[in-house]
1. Fully extended, how many nm does the chain gain between Glu3 and Glu201 (0.36 nm per residue separation, minus their Cα-Cα distance)?
2. Per residue, how much accessible area does the stretch 238-301 have with a 1.4 Å probe, in Å²?
3. At 25 °C and 0.890 mPa s, what whole-number value in µm²/s does Stokes-Einstein give for the translational diffusion of the chain, with Rh from the Kirkwood sum over Cα pairs?
4. Based on alpha-carbon centroids, what's the gap between the stretch 29-59 and the stretch 181-238 in Å, whole number please?
5. Can you give the accessible area of Glu138, probe radius 1.4 Å, in Å² rounded to 10?
6. Below 8 Å between Cα atoms, with a sequence gap of 6+, how large is the relative contact order for the stretch 99-195 in percent?
7. State, in angstrom, two size descriptors of the stretch 202-241 derived from its alpha carbons: Rg to one decimal place and Dmax to the nearest whole number.
8. Given the stretch 154-215, what whole percent of its Cα pairs are spread farther than 15 Å?
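The values are calculated or read from the model by the stated rules, or taken from the named source; none is laboratory data. Just so it is clear, the structure is predicted and the values come from calculations on it, not from any experiment. The area values use the complete protein model at the heavy-atom level, side chains included, leaving out ligands, DNA and RNA. Shrake-Rupley method; radii C 1.70, N 1.55, O 1.52, S 1.80 Å.
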Amino acid sequence: MAEKVVIALGGNAILQPGQEATYEIQLENVRKCTSIIAQIVKEGYEVVVTHGNGPQVGNILRQNEEAKDVVPPFPLDVCSAESQGFIGYMMEQTLRNELRELGLNNTVVSLLTETVVDANDPAFQNPEKPIGVFYTEEEAKQLADEKGWVVGEDAGRGYRRLVPSPQPQSILGSDVIKSLTDAGTITIAAGGGGIPVVQKEDGKYEGVEAVIDKDRSGLRLAKEVNADVFMILTDVENVYVNYGKPNQKALEQITVEEAKGYMNEGQFAAGSMGPKMEGALSFAEHGGRAIICSLDKAAEALAGKSGTTISK
Ligand SMILES: Nc1ncnc2c1ncn2[C@@H]1O[C@H](COP(=O)(O)OP(=O)(O)O)[C@@H](O)[C@H]1O
Ligand SMILES: NC(=O)OP(=O)(O)O
């Protein structure tokens with residue numbers, strides 16, 4: 001039977017730091033991602049795709065704020081929905097085209113997805129999810145003073161705006177995503193971590209201003225669709241211990257116990273590799289195979305020839 005893979009793509013794969021945020025540049029980046037995903041489909045895997053939205057949701061929020069005197073601004077959850085919509089559109093279209101190039105005619109759908117979070121999640125009092133473009137420390141401090149933003153360093157790459165990032169509790173419609181996948185459809189879902197919503201005491205749902213980490217929601221999605229493999233594609237070939245130091249060492253095939261040991265040593269930076277390793281570890285603990293690798297080595301990593309694989 002075909003293995004089911006949930007592939008989580010970083011928002012930075014869709015817009016690299018320093019690139020101009022034009023539609024054309026993002027579309028070409030997405031096309032490169034989906035050409036690799038199409039190869040994985042051709043190899044016979046059942047695929048569910050999820051993706052980040054950090055750069056994109058930050059830019060949409062900024063567009064809303066800059067144009068506030070002309071058009072009333074929308075809240076962050078609506079910006080999140082907009083980012084999920086336009087990234088999903090680019091992915092669905094390019095993936096379909098790339099599959100056709102390979103002679104495949106799978107149905108591809110992108111589903112606008114809501115993710116439930118807890119209204120009392122402490123993350124609402126402690127914004128730590130980086131979104132939007134990168135600034136120098138000086139620019140970031142000025143923006144924080146002028147606009148009341150919370151800003152912070154992002155994994156040594158510069159300063160970004162920070163927003164709350166609560167833990168995902170469940171993905172609404174994951175049963176439908178599973179049914180579609182089981183029926184051979186390639187589904188793009190829970191993009192940007194999903195639109196964050198809370199369930200009120202009367203049972204009704206409403207949006208909340210936050211951006212969910214797609215590695216955390218990707219884990220939930222992988223569990224809820226009963227995936228065999230949870231694969232996180234990013235911009236490094238491996239997870240490393242002593243990352244960035246002269247004694248840096250690439251991790252290749254590791255066990256859950258080894259991964260836990262490295263986590264306890266604090267080897268993985270919060271806000272970048274930390275959530276990826278947490279997600280990968282949790283998936284592997286439940287018996288699945290978790291892979292963290294670079295986008296261009298995804299097919300090799302699935303075959304165990306590249307990247308970092310964690311399993312029991
Ligand atoms: N131990 C580590 N091993 C590998 N990369 C690490 C480690 N710790 C931090 N990183 C950083 O994590 C980054 C990937 O995380 P992130 O930028 O959040 O990715 P994405 O946007 O693809 O989700 C890498 O570019 C690297 O700088
Ligand atoms: N939502 C999210 O995790 O986006 P990034 O992957 O861009 O950080």
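1. Between Glu3 and Glu201, full extension yields an extra 67.3 nm.
2. Numbers: 3060 Å² over 64 residues.
Value for the stretch 238-301: 48 Å² per residue.
3. On the way: Rh = 19.7 Å.
It diffuses with D of about 125 µm²/s by this estimate.
4. Between the Cα centres of the stretch 29-59 and the stretch 181-238 lies a distance of 14 Å.
5. 150
6. 44
7. So, for the stretch 202-241, Rg and Dmax equal 14.8, 47 Å respectively.
8. On the way: 1185 of 1891 pairs.
Counting pairs separated by more than 15 Å, the tail of P(r) holds 63 percent.
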